[in-house]
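First comes the structure, then the notes that go with it.
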Amino acid sequence: MARRALTTTAAVFTATAALLLSGCGGGNDKSPDDIKGADTDAGSPSASASAVAGRPDVSLPSDLEVEFDITKPSDTRHAAALDGAENYILALNHGITAQDPEDPAYKFYSLGNATKYAQSQIQAWVDDDWTATGTDSYYQGKTDDVGTSKGVLVTMCRDQGKFYGKNVKTKKIRYTKPSLNDFQEFRLLMKPPQGSQKVWKVLQIEVEGRVEGCRR
């Protein structure tokens, strides 16, 4: 069940990212569109580490798997930023399957625009009586420094060809035919840990739909 994908340009996003990180740390107020299935996405390697060291539970139902086929960067900062991005995606999916737009998991891993985005995505699924099932896949990940801000931009492709919506009342699954709509590119602006906090958080997220370069 496809929804519209938020489109933007990498150049504009990166420029905005640098300004946000050098400022007070809030996100922009641009409303994000939904992604697919009622939309997005995730269950993965990080799911088993849920509720560890005071972190929230991001575990998922047995019928939903989120795959991250992404090589960890050798740079420790970039690796930590990537972990934070993956946990945010897991938390977003946890909120969808928990049917809780105020789920604490995504709030733990996000700030500003990214928090608003997650809340709006989960709310859309809940309002439409959908939860998620299947496999949500992320790959072709890369990380880049954002100017001199110490922030990191995480980019990854997404394949939601086997990621479906399931009606919470009837349990009926809405299957979709494979198409270019399944392939998206995620750009997540990661803010480094503040003070005693040890967690990289997503400050801003942009999603571009129908990305030919992500097709596999």
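The values are calculated or read from the model by the stated rules, or taken from the named source; none is laboratory data. Everything numeric here is computed off the predicted structure, so don't read it as measured data. With ideal geometry, Cβ positions are generated from the backbone for all residues, glycine too; neighbour counts draw on all protein chains shown. Side chains included, ligands, DNA and RNA excluded: accessible areas come from the protein's heavy atoms. Shrake-Rupley method; radii C 1.70, N 1.55, O 1.52, S 1.80 Å.
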If ligands, DNA and RNA are left out, what is the accessible area of W130 with a 1.4 Å probe, given in Å² to the nearest 10?
30
Between Q99 and S62, the two model label points (7 Å from Cα along the beta-carbon direction) sit apart by a distance in nm of 2.0
May I ask for the net charge around K166, where only other residues with Cβ less than 9 Å from the Cβ of K166 are counted and Lys, Arg are +1 while Asp, Glu are -1?
+2
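With a 1.4 Å probe and all protein chains in place, put I70, I122 in order of accessible area, largest first. Working shown, then result.
On the way: I70 25, I122 0 Å².
Ranking I70, I122 by accessible area, largest first, yields I70, I122.
Just the ratio, please: alpha-carbon radius of gyration of region 72-114 over 2.2 N^0.38 Å, N its number of residues. Kindly include the intermediate steps, with their values, before the conclusion.
Numbers: Rg = 11.8 Å, N = 43, 2.2 N^0.38 = 9.2 Å.
Dividing the Cα radius of gyration by 2.2 N^0.38 Å gives 1.28.
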Mean accessible surface per residue for region 79-128, computed with a 1.4 Å probe while every protein chain stays in place, in Å²:
27
